[in-house]
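Everything on this sheet refers to the single structure shown next.
The values are calculated or read from the model by the stated rules, or taken from the named source; none is laboratory data. This structure is a prediction, so every number in the text was calculated from the model and none was measured. Cβ placement follows ideal geometry from the backbone for every residue including glycine, while neighbour counts extend to all protein chains displayed. Surface accessibility is based on the protein's heavy atoms, side chains included, excluding ligands, DNA and RNA. Shrake-Rupley method; radii C 1.70, N 1.55, O 1.52, S 1.80 Å.
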Amino acid sequence: MADTVQATGPILVVNGPNLNMLGTRQPEIYGADTLDDVVALCERTAARFGRTVQTFQSNHEGALIDLIQQARGVVSAIVINPGGLTHTSVALRDALVIPEVPIVEVHISNVHAREEFRHHSFVSPIATAVIAGLGIQGYAAAIEYLSASPRI
Ligand code: DHK
């Protein structure tokens, strides 16, 4: 039920498969920044708005789903880069509606300028907003938007 949702809880920042390899993996596409840099950027951005973040990365679909289920009633919003699961996972999408909080889907690269299979997202239809192609600044933009939102 929506009234169980914490209005002042942390913003959950979730990164899916292979995003632990940021900085090493295809830097011409994903840039030179590491996942630690992303986490630091998220923490800094949230702090500017008096907010906190909870961050999580996993290469395992079930671990991501377990975490998102447990976020219900605890977090105020979700920022998620589902990695390759964006394009394949109905189960992740089903989990994301469980917490009943605003969701911003972030992609570091412009997925629409890449291979056809990256153009479809199972997450976008249930997201409040989608950010693609801003590099890791997309995470900061998502947190800034969510921090300013009157809903959370
Ligand atoms: C990250 C991935 O790992 C890919 O599988 C997606 C996304 C794009 C990104 O741009 O951050 O297709």
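Considering the zone a paramagnetic label at His87 would reach in this model (a point 7 Å from Cα along the Cα-to-Cβ line), which residues of region 16-32 have amide N under 20 Å from it?
So the set is 16-31.
For Gln54, list long-range residues whose amide hydrogen, built 1.01 Å from N in the peptide plane, is under 5 Å from its own amide hydrogen.
Those lying under 5 Å, H to H, from Gln54 are Ile11, Leu12, Val13.
Please work out how much accessible surface Glu116 shows to a 1.4 Å probe, ignoring ligands, DNA and RNA, in Å² rounded to 10.
Roughly 150 Å² of Glu116 is accessible to a 1.4 Å probe.
Apply the a/c threshold of 1.5 to the C-alpha gyration tensor of region 32-74 and tell me whether it is rounded, prolate or oblate. Don't skip to the end; give the middle numbers.
Details: a/c = 5.45, a/b = 1.30, b/c = 4.20.
Here region 32-74 falls in the oblate category.
Which value in nm describes the separation of the simple spin-label points at Glu28 and Asp66, placed 7 Å from the Cα toward the beta carbon?
My value for the distance between the label points is 3.8 nm.
For region 99-112, in order, what is each residue's ³J(HN,Hα) by Karplus, 6.51 cos²θ - 1.76 cosθ + 1.60 with θ = phi - 60°, in whole Hz (x at glycine and Pro)?
Result, ordered by residue: x, 6, 10, x, 10, 10, 8, 10, 10, 5, 8, 7, 4, 6 Hz.
Consider just the alpha-carbon atoms of region 1-123 and return their Rg together with their Dmax, both in angstrom.
My reading of the Cα-based Rg and Dmax gives 14.4, 44 Å.
At a 1.4 Å probe radius, carbon and sulfur cover how many percent of the accessible area of region 7-48?
Working: 1030 of 2050 Å².
Carbon with sulfur: 50 percent of the solvent-accessible area.
Of the trypsin sites (Lys or Arg not before Pro) in region 67-152, which ones lie in a loop per DSSP and count no more than 13 other C-beta atoms within 10 Å?
Values: sites: Arg72, Arg93, Arg114, Arg118, Arg151; in loops: Arg72, Arg114, Arg151.
Answer by residue number: Arg151.
Taking Cα atoms, how many degrees apart are the long axis of helix 35-48 and the longest axis of the chain, rounded to 10 and kept between 0 and 90?
Tilt of helix 35-48: around 40 degrees.
Roughly speaking, what is the stretch gain from Ile98 to Ile126, that is 0.36 nm per residue apart minus the C-alpha to C-alpha distance, in nm to one decimal? Mind showing how you got there, number by number?
Working: separation 28, 0.36 × 28 = 10.08 nm, distance 1.10 nm.
Length difference between fully extended and current span is 9.0 nm.
Keeping every protein chain present and rolling a 1.4 Å probe, give me the accessible area per residue for region 2-152 in Å². Display every interim value, and only then the final one.
Details: 7000 Å² over 151 residues.
Result: 46 Å² of accessible area for each residue.
Stretch Asp37-Tyr145 to full length: gain in nm at 0.36 nm per residue minus the Cα-Cα span? Don't skip to the end; give the middle numbers.
Numbers: separation 108, 0.36 × 108 = 38.88 nm, distance 1.97 nm.
Going from the current span to full extension adds 36.9 nm.
Could you tell me how many degrees, from 0 to 90 and to the nearest 10, lie between the Cα long axis of helix 137-148 and the main elongation axis, the longest principal axis, of the Cα atoms of the chain?
10 degrees
Check His107: other-chain or 5+ apart residues with amide H under 5 Å from its amide H, H built from backbone geometry?
Ile131, Ala132, Gly133
Could you please put Leu92, Leu85 in sequence from largest to smallest accessible area, using a 1.4 Å probe?
Numbers: Leu92 0, Leu85 20 Å².
From most accessible down to least: Leu85, Leu92.
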